[in-house]
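Only one structure is covered here, and it is reproduced in the block below.
The values are calculated or read from the model by the stated rules, or taken from the named source; none is laboratory data. Keep in mind that this is a model prediction, so the values were computed, not measured. Here the Cβ positions follow ideal geometry from the backbone for every residue, glycine too, while neighbour counts run over all protein chains shown.
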Amino acid sequence: MQQHTLTQTQKLEWFLLKWKIDHFAFWITYALVYGFLFPLGVDLLTSFIIANGLLLFHAIVAYFNNDYLIPRLLLPRNYLLYILSLSLAIISVCFPLSIVVHLVVINEELQSLVWSDTFFLFLVINVLFTVITTMVLKLVKQWYEDQKMTTELRQEQLQTELKFLKSQINPHFLFNSLNNLYALTLAKSDAAPEVVLRLSNILRYILYESSEGQVSIGKEMQHVNDYVAIERLRLGDAVRIDIDIDVDLRDEIVEPMLFLTLVENAFKHSEQVLPEKRFIRVHAKGLTNGFRFLIENSYNPSKKGAESGGIGLVNIKKRLNLIYPNNHDLKSSTADGVYRVDLIINW
């Protein structure tokens, strides 16, 4: 009994899969229109019932064309054999279709025309119209599904590339932070415990919060503050550090680790300058329809790679192009011993 029930369920699932509800809806709608345009009965209901019977022959050719002829002949560009096969299929159903029309149609005038060449041509054109309509719908649907699949594959590719870029940032960031902590412990600095605490907050952010995808600007700026605080403790008064972060920033969602990387780069490249000339400026402000992050640091033009911003800036450019295409503006410039990166993200 259980095996019998399972078999019936499998048959039902196959039936629902083969004859989808959208196919059913199409043929019902088509029969309504067909019965209205070609009144074959005494009333609309009778015409609709007769239309369903006649369209059964149309459907045979339509599905034969869509499921067999198109994939096997048309798409492989065997055009001549496709046209011949389709023509033969249409003509083959028009003969039994003529008999059915003669049997079910009450209209005597129409019955007298059933066996004429004109009526047979009319049936051929009718079936051909149905075949073309269903073929266009199938090809449009196939194109839509192909486009959807291409988009999904592209999104997966972008996500994979983005994860790779993030994986490059985090170890690099961690390595530099641990180096800073190591320098403080060697100097037996009292600031080491606070650095450990702030570094712990940043690592928690990197490992857990930023891995979820996107974060609020507030959280990103909070950890920018933590990183700058670590650098203040490590460097003391040797570097002028000015930080101005808008306290009224809204909770718009942004890609994590963009701004931290810019700040890290600024501190790294400013090391090439004499201590008395070394400075860092950080400015973050919400705009009407976006967000601006401006960072400046002292740099030494004679040092190789000082103007490039390093691998971190290249990485950020790639991430911005992936996540905010045409919705961001990233500019970097150098003048009078100042390296400047200006990033604007538009919502």
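Tabulated results
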| quantity | calculated |
| --- | --- |
| Among the candidates Gly290, Gly309, residue that is of a type outside the set (D, E, K, R), modelled with pLDDT under 75 and within 28 Å of Val215 (Cα to Cα) | Gly309 |
| Verdict on Ser298 being modelled with pLDDT of 80 or more, in the same structural domain as Asn315 (by TED's automatic domain parsing), over 28 Å from the mean Cα position of the chain (by Cα) and among the hydroxyl-bearing types (Ser, Thr, Tyr) | yes |
| Subset of the stretch 38-49 that is modelled with pLDDT of 80 or more and aliphatic (A, V, I, L, M) - its residue that is nearest to the chain's Cα centre (by Cα) | Ile49 |
| Some residue of the stretch 253-270 being farther than 20 Å from Asn327 by Cα and modelled with pLDDT under 75 | no |
| Any hit, the stretch 1-18, residues being surrounded by fewer than 18 Cβ atoms within 10 Å (Cβ to Cβ), under 42 Å from the mean Cα position of the chain (by Cα), under 21 Å from Leu139 (Cα atoms) and modelled with pLDDT under 85 | yes |
| The one condition in (1) outside any helix (DSSP H, G or I); (2) modelled with pLDDT of 80 or more that Val228 fails to fulfil | (1) |
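Every residue, every condition in (1) free of Cβ contacts under 8 Å to residues at least 40 places away in the same chain; (2) closer than 11 Å to Glu296 by Cα; (3) surrounded by 15 or more Cβ atoms within 10 Å (Cβ to Cβ), yes or no:
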{"residue": "Gly236", "(1), (2), (3)": "yes, no, no"}
{"residue": "Glu255", "(1), (2), (3)": "no, no, yes"}
{"residue": "Ala266", "(1), (2), (3)": "no, yes, yes"}
{"residue": "Lys277", "(1), (2), (3)": "no, no, no"}
